[in-house]
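Here the structure is laid out as structure tokens; the discussion comes afterwards.
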Amino acid sequence: VRDGLTDLFNRRHLGDVLPGMLALARRNNWALAVAIIDLDRFKLVNDEHGHLVGDTVLKSFAALLLAQLRKSDVVCRYGGEEFCVLMPRTTTTQGRRKIDGLLKEWRAVRLYADGKVLGQQTFSAGVAESLAAGGGDESADALLKRADDCALLAKKAGRNCVLAENQELTAGQPAP
């Protein structure tokens, strides 16, 4: 259930817990926000500095996620440089605020390779919420896809930003 590099939960665990969390949120009429976070230009780090430096970036980001998020949030490594955050009892707006705060913190992190500071670290993220689709019988996969679609749009919009459903892009600024 754990990713060997970051010690975050892995994608298999995400697939196991998300349906239950979604069912609980529906039963109690709570919002469940889901964020997909994709580290920007991560391939360049591996290509220019090697995979050990890339691993350091991934571990540093995982540590930031664990330090900044609530114990009730579920943080998973979704794939290579992609992460998923499940935020129970959190609306789209609250989730975007939280992810915007993470982006601001990540931009302030200074990482080093070969005695030099790596370029500024950024990410692109998308946030979706269970109640936004009417709270009906949407599957966990459909909710993940909505968050992932928002993350893809954030990347296409120039990276270094957060896009929540039915809201405008933000660039590391607190959401209203």
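The values are calculated or read from the model by the stated rules, or taken from the named source; none is laboratory data. Since we're looking at a predicted model, the values are computed, not measured. As a convention, Cβ positions derive from the backbone with ideal geometry for all residues, glycine included, and neighbour counts pool all protein chains shown. Accessible surface areas use protein heavy atoms only, side chains included; no ligands, DNA or RNA. Shrake-Rupley method; radii C 1.70, N 1.55, O 1.52, S 1.80 Å.
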(request) With the full set of protein chains in place, find how many percent of the accessible area of the chain is carbon and sulfur; take the probe as 1.4 Å. (result) 51 percent
(message) Would you report the distance distribution of C-alpha pairs in the range 69-158 as whole percents per 5 angstrom bin, up to the bin with the largest distance?
(response) 3, 12, 19, 25, 19, 10, 6, 3, 2, 1, 0
(message) Can you return the lysines within cross-link range of residue 145? Criterion is Cα-Cα under 29 Å, with same-chain partners fewer than 8 residues away left out.
(response) 43, 59, 71, 98, 104, 155, 156
(request) Over the chain, give the accessible area per residue in Å² for a 1.4 Å probe, as an integer. (result) 50 Å²
(request) Assuming a ≥ b ≥ c are the square roots of the Cα gyration tensor eigenvalues, decide whether the range 12-115 counts as rounded (a/c under 1.5), prolate (otherwise, with a/b larger than b/c) or oblate. (result) prolate
(request) Would you work out the relative contact order for the range 1-74, in percent, from Cα pairs under 8 angstrom that are 6 or more residues apart? (result) 27 percent
(message) Given contacts defined as C-alpha pairs under 8 Å and at least six residues apart, what's the relative contact order of the range 104-161, whole-number percent?
(response) 36 percent
(message) Using Stokes-Einstein with the Kirkwood hydrodynamic radius over Cα pairs, what translational diffusion coefficient do you get for the chain at 10 °C and a viscosity of 1.306 mPa s, in µm²/s rounded to a whole number?
(response) 98 µm²/s
(message) With just the Cα atoms defining each centre, how far is the range 1-68 from the range 117-169? Give it in Å.
(response) 14 Å
(request) For the chain, set up a Gaussian network in which alpha carbons nearer than 10 Å are linked by springs, and say which option among 115, 15, 79 fluctuates the most. (result) 115
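By its C-alpha gyration tensor, with a ≥ b ≥ c as the square roots of the eigenvalues, how is the range 1-49 shaped: rounded for a/c under 1.5, else prolate for a/b larger than b/c, else oblate? Write out the running numbers ahead of the final one.
Working: a/c = 5.03, a/b = 2.16, b/c = 2.33.
Oblate, since a/c reaches 1.5 and b/c is not below a/b.
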(request) Springs between alpha-carbon atoms under 10 Å, Gaussian network over the chain: tell me which of 108, 154, 132 tops the mean-square fluctuations. (result) 108
(message) Can you find, among 66, 6, 19, the residue sitting farthest towards the positive end of the charge dipole of the range 6-74, where Lys and Arg contribute +1 and Asp and Glu -1 at Cβ?
(response) 19
